[in-house]
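Participant: Quick one: the structure is below, and I'll ask about it shortly.
The values are calculated or read from the model by the stated rules, or taken from the named source; none is laboratory data. Here the structure is a predicted model, which means the values were calculated and not measured. Every residue, glycine as well, gets a Cβ built from its backbone with ideal geometry; the counts of neighbours run over all protein chains shown. Side chains included, ligands, DNA and RNA excluded: accessible areas come from the protein's heavy atoms. Shrake-Rupley method; radii C 1.70, N 1.55, O 1.52, S 1.80 Å.
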Amino acid sequence: MTNDSVQDKAKLGTLDLIQAENRILDESYTAPGIKELARQAAAEGCVLLKNDGTLPLDLSHNVSVFGRCQLDWFFMGTGSGGEAFPPYYVHLIDGLKDAGASYNTALADIYSTWCSSPKHLASRGDWLHWSFHYPEMPVSRELAEAARRQSDTALLVIGRSSGENEDWTPERGAYYLTDTEEELLECVTSVFDKTVLILNIGCFMDLSFIEKYGERIGAVLLARQGGMESGHAVCDILYGAVCPSGKLGDTFASDYRDYPSSASFGDPSHTDYDEGIFTGYRYFDKYAPGKVLFPFGYGLSYTSFDVRTEGFRFESSTVSVNAEVTNTGDRSGKEVVMLWCAPPSEGMEKPKRILAAFAKTGELKPGCSETLSLSCSSRYFSSFSEELHAFILEPGTWTFTVNEIPAGSFSLSGTEILEKVIPAMMPDTGLRKRILQHLPEETHVPAAADPHFSKVITGELSLDAFLASLTPEELEALSRGQGMMDSPYGAKGNAGAFGGITPGLNAKGVPPVITSDGPSGLRLSMHTSLIPSAAVLACSWNTVLVEALYGRVGDEMIYWGIDVLLCPGMNLHRDPLCGRNFEYYSEDPVLSGMMAAAAVRGIQSRGKAACPKHLCCNNQETGRNVCDSRVSERALRELYLRNFEICIHESTPLTVMSSYNRVNGVWSHYNYDLLTTVLRGEWGFDGVVITDWWMQPSVSPEFPQLRDNAYRVRAQADVLMPGDMDHFAGEYRPDETLLETLGTPGGITRGELQRTARNVLKLILKLNQSKSLNDSTGT
């Protein structure tokens with residue numbers, strides 16, 4: 001940049017300055033090293049479900065590829081969490097070419113011609129009308145037999161996708177195979193001696209058909225949606241460049257109706273979580289072990305491992321053990337070790353086993369070993385007593401295993417209370433009284449004579465003195481976004497801005513905070529990296545890799561000027577039909593929480609902010625803005641809050657996003673017990689809570705004079721995003737609901753406005769400190 005351009009920029013106002021910076025940026029940027037990490041993560045997230053020796057393949061042996069998704073690969077699910085736009089995509093045929101594999105080019109050309117014809121072009125669909133599958137090309141027996149003369153092995157790809165705002169249905173073309181897909185399977189497996197089934201699916205689908213074909217399907221690879229490097233990653237597994245090490249983060253049942261949630265899923269008005277704590281493997285282990293096709297934690301390898309444990313300890317409410325893993329096979333590979341807790345059967349009804357901790361080895365050569373240390377707080381496997389309002393360990397013997405190898409145990413003669421908590425998020429908990437007891441005081445520090453936020457940054461002025469100088473209107477502006485998505489303050493295509501989003505706040509030196517949708521990468525109008533889905537990352541069980549990958553995403557945030565990435569998504573996989581399951585990690589709160597924490601640490605290692613979402617119980621998309629998730633306090637505490645609790649304790653995210661839905665009658669963005677009693681009071685979160693985009697109007701039942709934004713601020717949902725109550729607003733329209741009761745009996749208080757503003761300004765301070773550090777180090 002020339003000196004003249006610097007001088008020209010110095011004449012610009014804050015908004016114009018940022019827009020000028022945007023024009024200087026290239027239209028495409030991927031962080032150095034992210035391609036390699038994305039490919040590794042996609043490969044480690046592949047799960048080998050079946051293998052009779054067909055895999056790995058030989059590069060020189062010709063294969064015939066069936067299924068249109070060889071070209072029309074589902075790289076990611078759809079909606080805000082899946083719409084990063086990468087500079088390239090690698091589908092399966094690209095992967096085969098780049099690997100130097102021999103494949104039936106004549107058959108590939110037939111598919112290419114068919115898929116590219118106007119009549120058969122693949123369409124992802126749009127909001128409320130996502131494409132769950134692409135209609136398959138019919139394959140005649142003659143075509144299959146002609147292909148068999150070229151190859152002795154067939155690769156057959158089945159594809160599925162899902163998206164935001166729309167759940168799957170238990171119908172053909174979604175959860176079940178289409179007629180054409182069944183015909184394709186029947187034709188190919190009857191002609192070829194060896195068939196490898198590749199499942200390019202978002203998260204779940206019915207897999208009971210695999211048993212029908214028996215030995216006719218030699219291998220099954222669950223590839224899911226691996227992002228822009230999908231084709232490379234899948235071929236790495238198929239041809240043995242990478243030894244499979246992925247393990248399932250979910251339970252695959254024999255029939256959809258076997259899932260305990262199936263009877264109550266999808267009602268747009270309310271969902272009764274009648275299964276309580278018994279979801280996923282917690283249910284199947286105890287009540288339906290014979291109805292499991294592929295269990296949680298399952299995954300095959302090309303090599304074998306021996307696991308031995310030593311040094312089991314239970315001290316200060318922490319369990320720890322060492323696991324020595326040895327590669328006993330003839331190929332290099334990685335292994336996942338899982339620490340399981342089997343609680344005593346006496347007392348409260350409990351799962352037969354609970355995942356307590358996990359770790360993954362590095363690449364082990366044949367004969368080599370690595371010792372991993374596993375540890376966890378007993379809070380992670382404790383029970384929640386609704387009678388005592390406490391997390392407890394009941395008397396009896398608590399037994400631990402690592403990959404089914406005995407690790408140790410401890411016994412308790414009486415109930416151990418780990419933590420007593422305030423009854424919360426349930427009816428009749430004295431909420432009004434508790435809120436009034438904890439209303440914040442107004443700051444009494446004298447207002448600064450010349451308030452400028454730069455002085456707060458340098459330490460010349462206290463934050464309280466700056467806060468005292470702000471008008472009610474400026475405090476109100478700090479409690480919301482600018483009003484629309486794609487804020488002109490930030491890179492084109494951003495999700496919106498908050499913080500310094502008015503001329504008055506800009507004049508006082510308060511900068512805007514720019515957000516971008518995630519978690520598959522930055523959702524901008526420019527080309528950014530598309531990384532594997534959360535469901536894939538969970539199957540890698542590799543927190544070190546996930547942290548490194550999101551560190552590179554953080555590098556892209558620095559380049560594009562994004563401050564907050566709206567991820568990780570971490571709602572549990574309660575039901576296979578949830579449209580956003582691809583965007584979430586697992587059915588288990590420990591795996592979900594630890595994976596999310598790794599993503600947060602990676603992003604925030606670059607001085608940016610992560611935003612775990614959606615707190616909480618956003619477990620279906622149907623009616624998500626109004627649906628009431630009716631959940632017992634025990635299920636909330638042991639499942640649907642526990643993963644968020646783990647994430648916050650293990651990574652200290654700077655922001656958190658509330659969910660759209662209601663929880664036991666109260667919308668999350670108005671839920672004082674969720675956002676203040678639990679999140680801030682119990683877990684110690686001291687960052688910014690933002691709403692999911694837009695919110696539902698409502699009146700506080702405890703304080704009827706408070707509505708909408710005043711109701712929200714009292715609950716400590718700090719920022720309404722993107723700032724306007726209307727989905728289609730192109731700019732912010734003044735809203736009176738926050739300030740209309742200021743200074744009136746029972747109304748919103750200046751102390752509450754200052755509390756919200758303080759949370760936002762503290763975030764800006766942290767981001768600015770990190771930016772200064774990045775600038776000084778040249779990163």
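Participant: Restricting attention to segment 73-89, and to residues there that are under 14 Å from residue 39 (Cβ atoms) and buried (at least 21 other Cβ atoms within 10 Å of the Cβ), which single residue is nearest to the chain's Cα centre (by Cα)?
Facilitator: So the first thing to find is which residues in segment 73-89 are under 14 Å from residue 39 (Cβ atoms), and the list is 75, 86, 88-89.
Going one step further and asking which of them are buried (at least 21 other Cβ atoms within 10 Å of the Cβ), we end up with 75, 86.
On the way: 75: 16, 86: 19 Å.
Filtering first and then ranking leaves 75.
Participant: Answer yes if at least one residue in segment 651-664 is more than 19 Å from the chain's Cα centre (by Cα) and within 24 Å of residue 513 (Cβ to Cβ), and no otherwise.
Facilitator: No, every residue in segment 651-664 fails to be more than 19 Å from the chain's Cα centre (by Cα) and within 24 Å of residue 513 (Cβ to Cβ).
Participant: While we're on this one: Select from segment 593-652 the residues that are open to solvent by 10 Å² or more (accessible area, probe 1.4 Å), closer than 21 Å to residue 677 by Cβ, touching a strand residue (DSSP E or B) at 6+ places or on another chain (Cβ under 9 Å) and β-branched (Val, Ile, Thr) and list them in ascending order.
Facilitator: Once the filter is applied, which keeps residues that are open to solvent by 10 Å² or more (accessible area, probe 1.4 Å), closer than 21 Å to residue 677 by Cβ, touching a strand residue (DSSP E or B) at 6+ places or on another chain (Cβ under 9 Å) and β-branched (Val, Ile, Thr), segment 593-652 yields only 648.
Participant: Please go through (1) under 25 Å from the mean Cα position of the chain (by Cα); (2) modelled with pLDDT of 95 or more; (3) under 24 Å from residue 632 (Cβ atoms) for residue 285 and return the number of the only condition it doesn't satisfy.
Facilitator: Result: residue 285 fails condition (1) only.
Participant: Same structure again: From the list 565, 577, which residue is touching a Gly at 6+ places or on another chain (Cβ under 6 Å), closer than 25 Å to residue 624 by Cβ and aliphatic (A, V, I, L, M)? Before you say what the answer is, go through the steps one by one.
Facilitator: Values: 577 fails: touching a Gly at 6+ places or on another chain (Cβ under 6 Å).
One residue alone meets the criteria, 565.
Participant: Here's a follow-up. Assuming residue 103 fulfils every condition listed in (1) open to solvent by less than 70 Å² (accessible area, probe 1.4 Å); (2) at pLDDT below 95; (3) among the aromatic types (Phe, Trp, Tyr) apart from one, which condition is it?
Facilitator: (2)
Participant: Of the residues in segment 586-635, how many are more than 19 Å from the chain's Cα centre (by Cα) and in a helix (DSSP H, G or I)?
Facilitator: So the count comes out to 3.
Participant: I would also like to ask the following. Select from segment 409-467 the residues that are among the acidic types (Asp, Glu), surrounded by fewer than 16 Cβ atoms within 10 Å (Cβ to Cβ) and under 36 Å from the mean Cα position of the chain (by Cα) and list them in ascending order.
Facilitator: Initial filter on segment 409-467 (among the acidic types (Asp, Glu)): 416, 419, 428, 441-442, 450, 460, 464.
Then drop every residue that is not surrounded by fewer than 16 Cβ atoms within 10 Å (Cβ to Cβ), which leaves 416, 419, 428, 441-442, 450, 460.
Residues satisfying the conditions are 416, 419, 428.
Participant: Of all residues in segment 389-429, which are touching a Phe, Trp or Tyr at 6+ places or on another chain (Cβ under 8 Å) and among the hydroxyl-bearing types (Ser, Thr, Tyr)?
Facilitator: 397, 401, 409, 411 - these are the residues of segment 389-429 that are touching a Phe, Trp or Tyr at 6+ places or on another chain (Cβ under 8 Å) and among the hydroxyl-bearing types (Ser, Thr, Tyr).
Participant: Just checking, which of 508, 492 is among the charged types (D, E, K, R) and more than 20 Å from residue 766 (Cβ to Cβ)?
Facilitator: Among 508, 492, only 492 is among the charged types (D, E, K, R) and more than 20 Å from residue 766 (Cβ to Cβ).
Participant: Between residues in segment 304-318 that are closer than 18 Å to residue 403 by Cα and without any contact (Cβ under 8 Å) to a residue 24 or more places away in the chain and residues that are charged (D, E, K, R) and open to solvent by 60 Å² or more (accessible area, probe 1.4 Å), which pairs lie under 9 Å by C-beta distance while being six or more apart or on different chains?
Facilitator: Close Cβ pairs satisfying both conditions: 306/324; 310/324.
So that you can scan it fast, the table gives a plain yes or no per residue for (1) open to solvent by 20 Å² or more (accessible area, probe 1.4 Å); (2) touching a residue at least 60 places away in the same chain (Cβ under 8 Å); (3) within 21 Å of residue 543 (Cβ to Cβ):
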| site | (1), (2), (3) |
| --- | --- |
| 219 | no, yes, no |
| 231 | no, yes, no |
| 243 | no, yes, yes |
| 260 | yes, no, no |
| 274 | yes, no, no |
| 287 | yes, no, no |
| 290 | yes, no, no |
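Participant: List the strands (runs of 3 or more DSSP E) inside segment 385-452, counting only whole elements, that have at least 1 residues being touching a helix residue (DSSP H, G or I) at 6+ places or on another chain (Cβ under 9 Å).
Facilitator: Per the criteria, 390-393, 396-402, 416-420.
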